[in-house]
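A.B. asks: Right, I'll just put the structure down here and ask away after.
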Amino acid sequence: MRGFIVHAALNDLCASHYRLAKAFWRETLIDAAIFREWVLNVGRRDAFSALAHVICEFVTRMRAVGLADGNRCDFPQTQGELGDALGLSTVHVNRTLMELRGAGLIALKGGLLTVLNWEGLKAAGEFNPTYLHLRQQAA
(Lines give C-alpha, C1' and ligand atoms only; values in the text may rest on other atoms or scores of the structure.)
Protein backbone atom coordinates (compact mmCIF):
# COMPACT_ATOMS: atom_id res chain seq x y z
CA MET A 1 0.00 0.00 0.00
CA ARG A 2 1.36 3.36 -0.99
CA GLY A 3 0.33 6.76 0.15
CA PHE A 4 1.17 10.13 -1.21
CA ILE A 5 1.07 13.38 0.68
CA VAL A 6 0.54 16.61 -1.18
CA HIS A 7 3.61 18.80 -0.60
CA ALA A 8 1.53 21.83 0.34
CA ALA A 9 -0.22 19.82 3.07
CA LEU A 10 3.11 18.58 4.43
CA ASN A 11 4.54 22.10 4.37
CA ASP A 12 1.49 23.42 6.25
CA LEU A 13 1.76 20.62 8.79
CA CYS A 14 5.45 21.32 9.40
CA ALA A 15 4.87 25.07 9.60
CA SER A 16 2.25 24.64 12.29
CA HIS A 17 3.98 21.86 14.28
CA TYR A 18 7.62 22.64 14.98
CA ARG A 19 8.38 19.35 16.74
CA LEU A 20 6.99 17.34 13.87
CA ALA A 21 9.06 19.36 11.39
CA LYS A 22 12.13 18.77 13.55
CA ALA A 23 11.42 15.01 13.65
CA PHE A 24 11.04 14.86 9.86
CA TRP A 25 14.30 16.78 9.43
CA ARG A 26 16.12 14.48 11.85
CA GLU A 27 14.89 11.41 9.97
CA THR A 28 16.04 12.95 6.69
CA LEU A 29 19.52 13.54 8.12
CA ILE A 30 19.70 9.98 9.47
CA ASP A 31 18.59 8.57 6.11
CA ALA A 32 21.27 10.65 4.38
CA ALA A 33 23.96 9.39 6.78
CA ILE A 34 22.94 5.77 6.20
CA PHE A 35 22.85 6.38 2.45
CA ARG A 36 26.41 7.75 2.53
CA GLU A 37 27.65 4.62 4.33
CA TRP A 38 25.95 2.38 1.80
CA VAL A 39 27.45 4.34 -1.10
CA LEU A 40 30.84 3.73 0.49
CA ASN A 41 30.03 0.02 0.74
CA VAL A 42 29.26 -0.23 -2.95
CA GLY A 43 31.76 2.24 -4.35
CA ARG A 44 34.83 2.40 -2.13
CA ARG A 45 35.09 -0.52 0.25
CA ASP A 46 36.41 -3.86 -0.87
CA ALA A 47 34.14 -6.88 -0.46
CA PHE A 48 35.65 -7.94 2.88
CA SER A 49 35.21 -4.49 4.41
CA ALA A 50 31.78 -3.90 2.88
CA LEU A 51 30.37 -7.21 4.08
CA ALA A 52 31.87 -6.71 7.55
CA HIS A 53 30.24 -3.27 7.64
CA VAL A 54 26.84 -4.64 6.62
CA ILE A 55 27.04 -7.32 9.30
CA CYS A 56 28.02 -4.74 11.93
CA GLU A 57 25.09 -2.51 10.94
CA PHE A 58 22.69 -5.43 10.99
CA VAL A 59 23.82 -6.64 14.42
CA THR A 60 23.72 -3.10 15.80
CA ARG A 61 20.16 -2.62 14.55
CA MET A 62 19.10 -6.01 15.91
CA ARG A 63 20.57 -5.14 19.31
CA ALA A 64 18.78 -1.79 19.30
CA VAL A 65 15.39 -3.46 18.95
CA GLY A 66 16.13 -6.32 21.33
CA LEU A 67 16.46 -9.05 18.70
CA ALA A 68 20.05 -10.00 19.43
CA ASP A 69 21.31 -12.14 22.24
CA GLY A 70 24.68 -10.53 22.89
CA ASN A 71 26.74 -11.24 19.80
CA ARG A 72 24.23 -13.70 18.32
CA CYS A 73 21.16 -13.07 16.17
CA ASP A 74 19.15 -14.46 13.30
CA PHE A 75 20.65 -13.57 9.93
CA PRO A 76 18.03 -14.51 7.34
CA GLN A 77 19.68 -12.85 4.34
CA THR A 78 20.72 -15.09 1.50
CA GLN A 79 24.07 -14.75 -0.20
CA GLY A 80 22.19 -13.56 -3.28
CA GLU A 81 20.49 -10.80 -1.31
CA LEU A 82 23.79 -9.72 0.21
CA GLY A 83 25.31 -9.71 -3.25
CA ASP A 84 22.49 -7.58 -4.62
CA ALA A 85 22.88 -5.10 -1.77
CA LEU A 86 26.64 -4.81 -2.25
CA GLY A 87 26.97 -5.22 -6.00
CA LEU A 88 28.77 -8.54 -5.64
CA SER A 89 28.22 -11.93 -7.19
CA THR A 90 26.90 -14.74 -5.02
CA VAL A 91 30.22 -16.53 -5.47
CA HIS A 92 32.11 -13.46 -4.24
CA VAL A 93 29.81 -13.15 -1.22
CA ASN A 94 30.37 -16.83 -0.44
CA ARG A 95 34.16 -16.44 -0.60
CA THR A 96 34.04 -13.27 1.48
CA LEU A 97 31.92 -14.94 4.17
CA MET A 98 34.51 -17.73 4.24
CA GLU A 99 37.22 -15.08 4.71
CA LEU A 100 35.30 -13.49 7.58
CA ARG A 101 34.94 -16.93 9.17
CA GLY A 102 38.58 -17.75 8.53
CA ALA A 103 39.65 -14.50 10.19
CA GLY A 104 37.77 -15.59 13.31
CA LEU A 105 35.33 -12.69 13.08
CA ILE A 106 32.01 -14.50 12.58
CA ALA A 107 30.31 -17.87 12.62
CA LEU A 108 27.27 -18.34 10.42
CA LYS A 109 25.27 -21.53 10.44
CA GLY A 110 21.64 -22.24 9.68
CA GLY A 111 20.69 -18.57 9.52
CA LEU A 112 22.22 -17.88 12.94
CA LEU A 113 25.02 -15.32 13.04
CA THR A 114 27.52 -15.21 15.89
CA VAL A 115 30.04 -12.41 16.01
CA LEU A 116 33.18 -13.96 17.48
CA ASN A 117 35.28 -10.79 17.51
CA TRP A 118 33.15 -7.62 17.61
CA GLU A 119 36.06 -5.17 17.72
CA GLY A 120 37.81 -6.99 14.89
CA LEU A 121 34.65 -7.01 12.78
CA LYS A 122 34.12 -3.29 13.42
CA ALA A 123 37.71 -2.56 12.39
CA ALA A 124 37.40 -4.72 9.26
CA GLY A 125 34.22 -2.91 8.25
CA GLU A 126 35.40 0.57 9.25
CA PHE A 127 32.20 0.64 11.30
CA ASN A 128 31.30 3.54 13.57
CA PRO A 129 27.66 3.26 14.65
CA THR A 130 27.13 6.97 15.28
CA TYR A 131 25.66 7.45 11.78
CA LEU A 132 22.68 5.33 12.86
CA HIS A 133 21.80 7.88 15.56
CA LEU A 134 20.51 5.26 17.97
CA ARG A 135 19.54 6.46 21.42
CA GLN A 136 21.13 3.44 23.07
CA GLN A 137 24.36 2.60 21.33
CA ALA A 138 24.13 -1.10 20.69
CA ALA A 139 27.63 -1.28 19.29
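The values are calculated or read from the model by the stated rules, or taken from the named source; none is laboratory data. As the structure is a computational prediction, the values presented were derived from the model and not from experiment. Methodologically, a virtual Cβ is constructed for each residue, glycine included, from the backbone with ideal geometry; neighbour enumeration extends over all protein chains shown.
For every residue, the table says whether it meets (1) under 15 Å from Gly70 (Cα atoms); (2) modelled with pLDDT of 95 or more; (3) assigned to a loop (DSSP other than H, G, I, E, B).
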site	(1), (2), (3)
His92	no, yes, no
Glu99	no, yes, no
Gly104	no, yes, yes
Ala107	yes, yes, no
Glu119	yes, yes, no
Leu134	no, no, yes
Ala139	yes, no, yes
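A.B. asks: Turning to a different aspect of this structure: Only one of Gly70, Gly80 is free of Cβ contacts under 8 Å to residues at least 24 places away in the same chain, touching a Ser or Thr at 6+ places or on another chain (Cβ under 7 Å) and not aliphatic (A, V, I, L, M); which? Explain how you work it out, then say what you get.
C.D. replies: Numbers: Gly70 fails: touching a Ser or Thr at 6+ places or on another chain (Cβ under 7 Å).
Just a single option satisfies the conditions, and that option is Gly80.
A.B. asks: Having 2 or more residues that are surrounded by 11 or more Cβ atoms within 10 Å (Cβ to Cβ) and modelled with pLDDT of 95 or more is the bar; report the helices (runs of 4 or more DSSP H) wholly within the stretch 1-80 that clear it.
C.D. replies: Those helices (runs of 4 or more DSSP H) span 47-64.
A.B. asks: Continuing with this model, one more query. Here are Ala123, Ala85: which of them is closer than 15 Å to Thr60 by Cβ, without any contact (Cβ under 8 Å) to a residue 60 or more places away in the chain and under 17 Å from the mean Cα position of the chain (by Cα)?
C.D. replies: Ala123
A.B. asks: Only one of these is of a type in the set (S, T, N, Q) and under 21 Å from Glu37 (Cα atoms): Thr90, Thr96. Name it.
C.D. replies: Thr96
A.B. asks: When the residues of the stretch 85-121 are narrowed to those that are of a type in the set (Val, Ile, Thr) and over 20 Å from Leu40 (Cβ atoms), which ends up surrounded by the fewest Cβ atoms within 10 Å (Cβ to Cβ)?
C.D. replies: Val91
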